[in-house]
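Engineer: Handing you a structure now.
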Amino acid sequence: MIALPHRLQVGVLTICLGVFLVGCGSEPNPGAATAAPTARPGRRGTATPIATWTAEPVTPTPTATPTATPTPIVYAIQQGDTLLDVATRFHVSAAEIQEANGITDPRLLQIGQEIIIPNLGEAEAAGTPTPTPMPVHVASQRDVLTTAGDAIVLGEVVNDSGQGVEEVTVAIELQDGTGHVVHRVETAVLGDIIAPGAKTPFGVTIFGAPSYAKAVARVIRAMPEVPERAVHRDLRVAEISGRAVYDRTFVLVGKVRNYGEEPALDVFVVVTLYGRDGAVIGAAREPLPDVLESGDRALFQVSVVPIGWPVESFVVSVEGRQPDPTPMPGLGPTPTSTG
């Protein structure tokens with residue numbers, strides 16, 4: 001994953017109310033001013049931004065060979081499901097679901113297809129070794145409560161380890177003044193893979209949030225990157241530019257080029273906007289054409305509504321996969337010998 005930072009000078013505007021919008025607008029209107037979002041008195045509390053965060057190592061879920069269980073959990077794939085979604089829902093890893101079902105390519109899952117969810121409790125009771133904690137943590141976080149009563153929480157996760165990580169999931173808790181959790185939600189980070197020393201953003205909107213005093217985010221899942229996964233390593237972003245537009249959005253345009261010999265599949269860019277204090281104030285993920293052939297370029301345009309102004313800098317990264325990924329060890333049919 002390649003990230004290109006940019007510094008820019010943008011006039012001070014007021015906080016706007018949302019994230020993850022895609023589109024473009026016209027030139028900025030310096031005369032347009034918008035009132036900052038405030039909490040509704042008596043009904044909801046005002047969020048307190050958290051400027052710093054203490055790093056928390058995360059213990060990834062071990063990839064163990066699941067044992068047979070008399071009462072297996074069987075799940076039917078629904079429209080819009082991804083393997084990561086299902087894994088997060090049942091508190092297991094995607095690799096464990098793949099191993100339990102012999103899935104070599106999660107993209108081939110069909111709606112209505114039944115899969116077995118492995119029972120981790122029995123595997124751990126049988127003596128599964130405890131994995132080494134991964135040094136993956138929330139590095140910055142910021143939140144705001146809009147006048148509509150929605151809580152928007154943004155931040156980014158940093159990988160301080162010497163290897164890539166995937167399946168990174170963040171838990172976000174809204175707490176009252178006594179530290180009691182009044183609402184909790186889990187979300188995946190926007191990048192699929194976090195390379196060694198790299199970072200990727202996360203963001204969530206909690207509609208109709210209950211009254212709260214602060215938001216707390218922490219990493220609850222991070223798995224070592226599977227070396228056999230066919231990640232495309234030859235994608236680059238270039239010619240990036242960004243500007244504010246009159247309707248309080250920030251638009252970025254640029255190009256992605258495939259410098260490799262193999263086509264790139266499932267290509268997407270991740271945009272992160274930063275304020276003057278270095279905190280994340282906007283983030284978005286935008287898919288590109290389904291296939292980017294060797295040597296081809298693809299244009300992208302992403303529009304983000306930040307939760308604060310000005311946008312001091314931004315980062316754009318790109319990810320994609322090679323076709324026909326190599327099956328991971330232990331997955332797929334077992335070769336048979338012939339006499």
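The values are calculated or read from the model by the stated rules, or taken from the named source; none is laboratory data. Remember, predicted model here, so these are calculated numbers, not experimental data. Every residue, glycine as well, gets a Cβ built from its backbone with ideal geometry; the counts of neighbours run over all protein chains shown. Note: accessible area is taken over every heavy atom of the protein model, side chains too, but ligands, DNA and RNA are not part of it. Shrake-Rupley method; radii C 1.70, N 1.55, O 1.52, S 1.80 Å.
Engineer: Say whether the condition of being surrounded by 15 or more Cβ atoms within 10 Å (Cβ to Cβ), outside any strand (DSSP E or B) and not β-branched (V, I, T) is met by at least one residue in the stretch 177-189.
Structural biologist: no
Engineer: Could you give every pair whose Cβ atoms fall below 6 Å, whose first residue belongs to the stretch 103-120 and is in a helix (DSSP H, G or I), and whose second residue is modelled with pLDDT of 80 or more and open to solvent by less than 50 Å² (accessible area, probe 1.4 Å), counting only separations of at least 6 or pairs across chains?
Structural biologist: Final answer for the pair search is P106/L83; L120/V92.
Engineer: Does any residue of the stretch 127-142 turn out to be basic (K, R), outside any loop (DSSP other than H, G, I, E, B) and at pLDDT below 80?
Structural biologist: As a first pass, look at the stretch 127-142 and keep what is basic (K, R): 142.
From what is left, the residues that are outside any loop (DSSP other than H, G, I, E, B) are 142.
Checking which are at pLDDT below 80 leaves us with none.
Scanning the stretch 127-142, I find no residue that is basic (K, R), outside any loop (DSSP other than H, G, I, E, B) and at pLDDT below 80, so the answer is no.
Engineer: Of all residues in the stretch 260-292, how many are in a loop (DSSP other than H, G, I, E, B), out of contact with any Lys or Arg (no Cβ under 9 Å at 6 or more places or on another chain) and either of a type outside the set (D, E) or closer than 21 Å to D192 by Cα (or both)?
Structural biologist: Of the residues in the stretch 260-292, 7 are in a loop (DSSP other than H, G, I, E, B), out of contact with any Lys or Arg (no Cβ under 9 Å at 6 or more places or on another chain) and either of a type outside the set (D, E) or closer than 21 Å to D192 by Cα (or both).
Engineer: Now, a different point. Looking only at the stretch 306-335, filter to residues that are hydroxyl-bearing (S, T, Y) and part of a loop (DSSP other than H, G, I, E, B); which one of those is modelled with the lowest pLDDT?
Structural biologist: T334
Engineer: For the condition under 30 Å from A148 (Cα atoms) and either surrounded by fewer than 22 Cβ atoms within 10 Å (Cβ to Cβ) or modelled with pLDDT under 95 (or both), what is the one hit in G275, G260?
Structural biologist: G275
Engineer: While we're here: Checking the conditions here, which among V226, V216, V253, V269 is over 30 Å from S93 (Cα atoms), open to solvent by less than 60 Å² (accessible area, probe 1.4 Å) and among the β-branched types (V, I, T)?
Structural biologist: Among V226, V216, V253, V269, only V253 is over 30 Å from S93 (Cα atoms), open to solvent by less than 60 Å² (accessible area, probe 1.4 Å) and among the β-branched types (V, I, T).
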